[in-house]
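Enquirer: Before I ask anything, here is the structure I am working with.
The values are calculated or read from the model by the stated rules, or taken from the named source; none is laboratory data. Given the structure is predicted, the values throughout are model-derived calculations rather than measurements. Please note: Cβ atoms are built from the backbone with ideal geometry, for glycine as well, and neighbour counts cover all protein chains shown. These area figures cover heavy atoms from the full protein model, side chains too; ligands, DNA and RNA do not enter into them. Shrake-Rupley method; radii C 1.70, N 1.55, O 1.52, S 1.80 Å.
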Amino acid sequence: MVRVRGRVNIAGVVCYRPGHRSRFFFKLHIWHGRRGEPKAFSWRQYRDLIVMAHLQLGTPVVWCWDNLNVHLVKEVADFAEEHKDWLRIFQMPSYAPELNPAEGIWSLLKRHLVDFAAADLAHLTRVIKRKLKKIQYRLHLIDGCLPTTGLTMDYDVTRSPDSTSST
């Protein structure tokens, strides 16, 4: 048995927009097991992922994510408030992975990694990047992750979240 010290964390965002191709963006955080090195993504790295997605998509963003502790920090809420002209953040219910299209991506990745043994952390990182890049270019895989959630894309991002409909 070969033991590899370290960990690869993945943050991913699946993007859907009517009339446009689906997109999948991801960032990796590599923890080498060194003392004092952060083990996971910081709120700033998540903020940077949101900004990158917004810039790549060139449109306002409705961001839905789970209740990971770092997603709930005050700094993220402050960032969303500062950028409410192009960003709306919605928290999904706790323990509801079936509502998260990104879970479909993680399932695809795990299927590709079955019976895989990494020689070292660098090898594992290369393989994960390669597999995720393949998913990025297979739009049918990304598209297939939305219907299983039961979610729809009928939110009007230009409408204030506090306004109510009269219909």
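Enquirer: If you scan the stretch 35-59, which residues turn out to be loosely packed, with under 15 Cβ neighbours inside 10 Å, in contact (Cβ under 8 Å) with a residue 24 or more places away in the chain and under 25 Å from residue 146 (Cβ atoms)?
Expert: 52, 56, 59 - these are the residues of the stretch 35-59 that are loosely packed, with under 15 Cβ neighbours inside 10 Å, in contact (Cβ under 8 Å) with a residue 24 or more places away in the chain and under 25 Å from residue 146 (Cβ atoms).
Enquirer: Any idea how many residues of the stretch 71-82 are assigned to a helix (DSSP H, G or I), open to solvent by 30 Å² or more (accessible area, probe 1.4 Å) and in contact with a helix residue (DSSP H, G or I) (Cβ under 7 Å, 6 or more places away or on another chain)?
Expert: Matching residues across the stretch 71-82 total 1.
Enquirer: Now for a separate question. Pick from the stretch 94-109 the residues that are in a helix (DSSP H, G or I), out of contact with any Lys or Arg (no Cβ under 9 Å at 6 or more places or on another chain) and free of Cβ contacts under 8 Å to residues at least 40 places away in the same chain: which of them is farthest from residue 137 (Cα to Cα)? Talk me through it step by step, then tell me what you get.
Expert: Start the filter on the stretch 94-109 by keeping residues that are in a helix (DSSP H, G or I), which leaves 97-99, 102-109.
Checking the rest, the ones that are also out of contact with any Lys or Arg (no Cβ under 9 Å at 6 or more places or on another chain) come to 97-99, 102-107.
Then keep just the ones that are free of Cβ contacts under 8 Å to residues at least 40 places away in the same chain; that gives 97, 107.
Values: 97: 24, 107: 17 Å.
Among residues in the stretch 94-109 that are in a helix (DSSP H, G or I), out of contact with any Lys or Arg (no Cβ under 9 Å at 6 or more places or on another chain) and free of Cβ contacts under 8 Å to residues at least 40 places away in the same chain, the one farthest from residue 137 (Cα to Cα) is 97.
Enquirer: Considering each of 120, 115 in turn, give the residue that is among the acidic types (Asp, Glu), open to solvent by 80 Å² or more (accessible area, probe 1.4 Å) and over 17 Å from the mean Cα position of the chain (by Cα).
Expert: Going through 120, 115 in turn, the sole match is 115.
Enquirer: Working only within the stretch 4-25, note down all residues that are of a type in the set (A, V, I, L, M, F, W, C), open to solvent by 40 Å² or more (accessible area, probe 1.4 Å) and not in a loop (DSSP other than H, G, I, E, B). Full working, then the answer.
Expert: Our first condition is that a residue be of a type in the set (A, V, I, L, M, F, W, C); within the stretch 4-25, this holds for 4, 8, 10-11, 13-15, 24-25.
Next, from what is left, pick out any that are open to solvent by 40 Å² or more (accessible area, probe 1.4 Å): 4, 10.
Correct list: 10 only.
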